[in-house]
1. Residue by residue through the stretch 80-123, note down the ones that are more than 21 Å from Gly49 (Cα to Cα) and of a type in the set (Lys, Arg).
2. Looking at this structure, is Leu194 within 18 Å of Asn95 (Cα to Cα), of a type outside the set (Ser, Thr, Tyr) and open to solvent by 10 Å² or more (accessible area, probe 1.4 Å)?
3. Quick check on Ser77: is it closer than 17 Å to Ala21 by Cα, open to solvent by 10 Å² or more (accessible area, probe 1.4 Å) and in a loop (DSSP other than H, G, I, E, B)?
4. What are the pairs, 6+ residues apart or on separate chains, where a residue within the stretch 63-74 that is assigned to a strand (DSSP E or B) has its Cβ under 7 Å from a residue that is among the charged types (D, E, K, R)?
5. From the list Gly212, Gly189, Gly168, which residue is surrounded by 24 or more Cβ atoms within 10 Å (Cβ to Cβ) and of a type in the set (Gly, Ala, Ser)?
6. Take the conditions out of contact with any helix residue (DSSP H, G or I) (no Cβ under 6 Å at 6 or more places or on another chain), closer than 24 Å to Ile81 by Cβ and at pLDDT 95 or above and apply them to Ile155. Does it pass?
7. Specify the residue that is surrounded by the fewest Cβ atoms within 10 Å (Cβ to Cβ); the eligible residues are those in the stretch 38-73 that are under 22 Å from Tyr175 (Cα atoms) and in contact with an Asp or Glu (Cβ under 8 Å, 6 or more places away or on another chain).
8. Among all residue pairs at least 6 apart or on different chains, which show Cβ distances below 6 Å where the first residue, located in the stretch 226-243, is closer than 22 Å to Asn255 by Cα and acidic (Asp, Glu) and the second is in a strand (DSSP E or B) and open to solvent by 50 Å² or more (accessible area, probe 1.4 Å)?
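The values are calculated or read from the model by the stated rules, or taken from the named source; none is laboratory data. From a predicted model like this one, the values you see are computed outputs, not experimental measurements. Here Cβ is always computed from backbone atoms with ideal geometry, including for glycine, and neighbour counts include all displayed protein chains. Keep in mind that these areas ignore ligands, DNA and RNA; they rest on the heavy atoms of the full protein, side chains included. Shrake-Rupley method; radii C 1.70, N 1.55, O 1.52, S 1.80 Å.
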Amino acid sequence: MKKKMLFLMAAIALFVPSVMAAEAPTYDEENKALFANGTPVTVEARTDGVAGALVKWNGGEKLLPADNSVFGGSHDSAAKIDSTSVTVNGGTLHNVFGGGLHKSYVGTAVVTINGGKFTGKVHGGGASSYSGSTCHQPWYEGNKEKATTVVDEAIVTINGGTLTDVFGGGEGISYTKKASVTVAKSFTGNIRYLTLGGSNGYTDDATALLLGGKIKVLQSVNRGFMETAEITVNGAEIENAYASAEGDNQKLGVNKKAVI
């Protein structure tokens, strides 16, 4: 019996991903990105007159050019990070992702936007390509097991800032199990696209609470799949709204329930 029990425990261990403790952020010049690796980071405006941002964390800081991005998670790592936190108060960045890049796994990813300017996108999830190689190709298979970047729960809060597109989920062949997007009453700007799920990929369940700002296109999912979506609009100005996905592609959208 003891041998059988030890064998069973070893078999179970094979299916449990290793957990990575938060490590110091690292900079990747090739991908023009800072990876926080689970360490909470804060983004502020630079004070040297150069466009870009200053990223700070407990024990360090890094100046970034304006065409750079920040990832809360890691890059090309199979180890799971329990949680990430990216808070943007100022500066100019290309993208912000709560998750990681390419191969990555995050438990809870928190992205809070209080200010700053984005020339790209804000994502709660991670990115499988980051180069557009999968972002602009519909992921028709909808197979969660193919996802290379995973986030268990993504929480996105927009309090201010100058934004273009906001996604609760990830990019490319990504999987976000749960996502929530809140646009606070304090936000008075414009958002071109606000999507509960990801840009491609799969998001199981997502919610949105929209209290302020103007949104040109509101949708549950974009070129991807979801199980359920629930959107509450209470103060935000919406130009176009889609309970599922924009357009008439029947291969994409929400599988079970979508409510606005």
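1. Lys80, Lys103, Lys121
2. The answer is no for Leu194.
3. Taking the combined requirement at face value, the residue satisfies it.
4. Leu63/Arg46; Ser69/Lys32
5. Exactly one residue qualifies, and that residue is Gly168.
6. Judged against the criteria, Ile155 is a match.
7. Thr39
8. Close Cβ pairs satisfying both conditions: Glu227/Asp205; Glu227/Asn255; Glu227/Lys256; Glu230/Thr207; Glu230/Val259.
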